[in-house]
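These notes concern the structure reproduced below.
No value in this document is a laboratory result; all are computed from the given coordinates. It should be emphasised that the depicted structure is a prediction, and the values quoted were computed from it without experimental measurement. Glycine gets a Cβ as well: all are built from the backbone with ideal geometry, and neighbour counts include every protein chain shown.
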Amino acid sequence: MKLRKSAAVAAAIAALSLTATACGGKDGSAGDKPEGPAKSGGKELSYTVKKDVSIDSSVFKAAKKRGKLIIGAKADQPYLGFEDQSTKKRSGFDIEIAKMVAADLGFSPKQIEWKTVDSGARETAVSKGDVDLMIGTYTINPERKKQIDFAGPYFHAGASLLVRKDEKDIKGPDTVRGKKVCSIVGSTPLQNIKKPKYGAKVTELSKYSECVAQMLNNQVDAVTTDDAILMGYAAQNKGKLKVVGETFSDEPYGVGLKKGDAALQKAVADAIKAHQKNGDYKKAFDATIGISGSKYQEPPAFTDPK
Ligand code: GLU
């Protein structure tokens, strides 16, 4: 039974990635390929790489010495952090934020070494030094701040619900009692939906794409996580999935970095602020999650560091 189930999930995941490469609209509409490079006015987005950068940070110095900045990212979140499995190219809003930060630290896109890190592995990857920076729909919160530091927030998302197009009963978090809801180990929306007040039957997996595959397979009734992530899946599966209800949590995104590295934390914050000011941030937004339906919001004021 267990085996049959996982074979079905594998088949659905395969179908999902097929959809990702097959549903190309030419006009930049929501059905466009999420794995293509982010473009503005027909031109691929790019950022001027700074020269002779020096930061009093051991992580930065080690990166400079190796000639590569190691960035932890998501790989299965269309329009946010996505890796095309055939070309190995990464795309999405977080990928653009990462390229902006890298450029201001003196690293070209070719000098970025990407590492896919799932939600539940982020704090460990950052604190152990497996990645220099973690940029992947990463909510800043006090629990995580005990282990690592953040630079941000650079964006605010909020938990929402993704359901099948024909779903009638689930309209928001108050309507999931007794329903099967999937979310991800180590994510804040999972903690949220497990609260007894919602009464949901929760399935915990390690990747969002696995939750989406289970939903397309009728094994779960809903997926919960940040609205920006869910809108990406809805756009990728047009006519099959929809996002319902208001958001029911605040998810301020930050760049995760090793605890106590104030110089690098400031440099990362300064980089994002500079690209927000010069218009790159808005262009990147419009070319990524703007396509999948997120509404542009003025960048939030930084709290880490102020
Ligand atoms: N922003 C939430 C979090 O950091 C959910 C998205 C994710 O799992 O990356 O836990």
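Of A75, G199, A125, which is farthest towards the positive pole of segment 75-213's charge dipole, taken about the Cα centre with +1 and -1 on the beta-carbons of Lys, Arg and Asp, Glu respectively?
Of A75, G199, A125, it is G199.
Starting from 0.36 nm per residue, how many nanometres of slack lie between K195 and D270 once their C-alpha separation is accounted for?
Numbers: separation 75, 0.36 × 75 = 27.00 nm, distance 3.71 nm.
Length gained, K195 through D270: 23.3 nm.
Multiply the residue separation of S46 and A301 by 0.36 nm, subtract the distance between their alpha-carbon atoms, and state the gained length in nm to one decimal.
Working: separation 255, 0.36 × 255 = 91.80 nm, distance 2.43 nm.
Net length gain for the segment: 89.4 nm.
Under 5 Å between amide H atoms, partner at least 5 residues away or on a different chain: which partners does L161 have, H built in plane at 1.01 Å?
For L161, whose amide H was placed from the backbone, the distant partners under 5 Å are V244.
Would you be so kind as to identify all helices of the chain, as entire DSSP H runs, whose Cα atoms reach 20 Å or more along the helix's own axis and whose mean Kyte-Doolittle hydropathy is at least -1.0? Intermediate results must be reported in sequence, preceding the final value.
Numbers: long enough: 2-22 (30 Å, 1.00); 262-277 (22 Å, -0.13).
Both cut-offs are met by 2-22, 262-277.
Once you charge only the Cβ atoms, +1 for Lys and Arg and -1 for Asp and Glu, what is the size of the charge dipole of the chain about its Cα centre, to the nearest 20 debye?
Working: 50 positive and 37 negative charges, 105 e Å.
For this selection, approximately 500 debye.
Within the set of other residues whose C-beta is less than 13 Å from the C-beta of A262, count the net charge using Lys and Arg as +1 and Asp and Glu as -1.
Working: positive: K258, K259, K266, K306; negative: D56, D149, D261, D270, D304.
Net of charged neighbours comes to -1.
Restricting to bridges with both residues inside the chain, how much of the DSSP beta-bridge set is antiparallel, in percent to the nearest 5? Intermediate values should be presented prior to the final figure.
Working: 25 of 39 bridges.
Given both bridge residues lie in the chain, the antiparallel proportion sits at roughly 65 percent.
Let me check I've understood the local charge: for G158, count other residues with C-beta under 13 angstrom from its C-beta, Lys and Arg +1, Asp and Glu -1. What total comes out?
Values: positive: K295; negative: D226, D227, E246, D250, E251.
Charge balance near G158 sits at -4.
Counting Lys and Arg as +1 and Asp and Glu as -1, what is the net charge of the other residues whose Cβ lies under 10 Å from the Cβ of D149? Numbers along the way, then the final one.
Values: positive: R144, K145, K258, K259; negative: D261, D304.
Once positives and negatives cancel, what remains is +2.
What residue among A269, T48, G178 has its Cα farthest toward the positive end of the dipole of the chain, where the charges are +1 on Lys, Arg and -1 on Asp, Glu, each on the Cβ?
Farthest along the dipole direction, towards plus: G178.
Under a 5 Å amide H to amide H cut-off, with H placed in plane at 1.01 Å, what residues pair with F107 once short-range neighbours are removed?
K50
Neighbouring Cβ atoms within 10 Å as the yardstick, rank D166, D286 fewest first. Walk me through the numbers on the way to the answer.
Working: D166 7, D286 18.
Fewest-to-most Cβ neighbours within 10 Å comes out as D166, D286.
Could you tell me how far the Cα centroid of segment 34-53 sits from the Cα centroid of segment 54-112, in Å?
12 Å
Hey, could you get me the Stokes-Einstein D for segment 173-306, Kirkwood radius over alpha-carbon pairs, 4 °C and 1.567 mPa s, rounded to whole µm² s⁻¹? Numbers along the way, then the final one.
Details: Rh = 16.9 Å.
Reported coefficient: 77 µm²/s.
Quick one: go through segment 150-177 and flag any residue whose amide nitrogen is under 17 Å from the point 7 Å out along the Cα-to-Cβ line of S127.
Flagged as within label range: 150-151.
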